[in-house]
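Down below is the structure, laid out as structure tokens.
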Amino acid sequence: MAENDKNKNGEVQQSRIQEDDKVKRARERVRRIKNFYSSVITYVIVSIILLIINLITNRHHLWFYWIILIWGAILLIQAINLFTIRDRFLGESWEEKKMKDLLDKEDKRNKNNKT
């Protein structure tokens, strides 16, 4: 009976650890999304400022769009990474499966060391 209690306590503890990990991953994801949106807002504001500066200084030679295009491409890559690629290939389900595999291997090693 004591063995069953230990197993149940271990399962409860492992469940709590998994929940804590989920919360940490969710917070990290929210932080990354928030930073991305902040970058988009900065991009829009700076783009408008560069447009105004370019039009005031030299209307015949437009240079601001090069900066906007390069910066926009970088933001697009970040968006793809943040909202699509990460979720499909290395998303939460992959992390959970990998964590379970590693924990199972560790449990097997511990059981083999005890015997």
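Observations
- Here the simple spin-label model places points 7 Å from the Cα toward Cβ, and for LEU55 and TYR37 these points are separated by 2.9 nm.
- Candidates per chymotrypsin sites (Phe, Trp or Tyr not before Pro) in the stretch 11-115, loop by DSSP, up to 16 other Cβ within 10 Å: TRP63
Coordinate-derived values only; no laboratory data. Quick caveat: nothing in here was measured; it's all calculated off a predicted structure. So basically every Cβ, Gly included, is an ideal-geometry build from the backbone, and we count neighbours across all protein chains shown.
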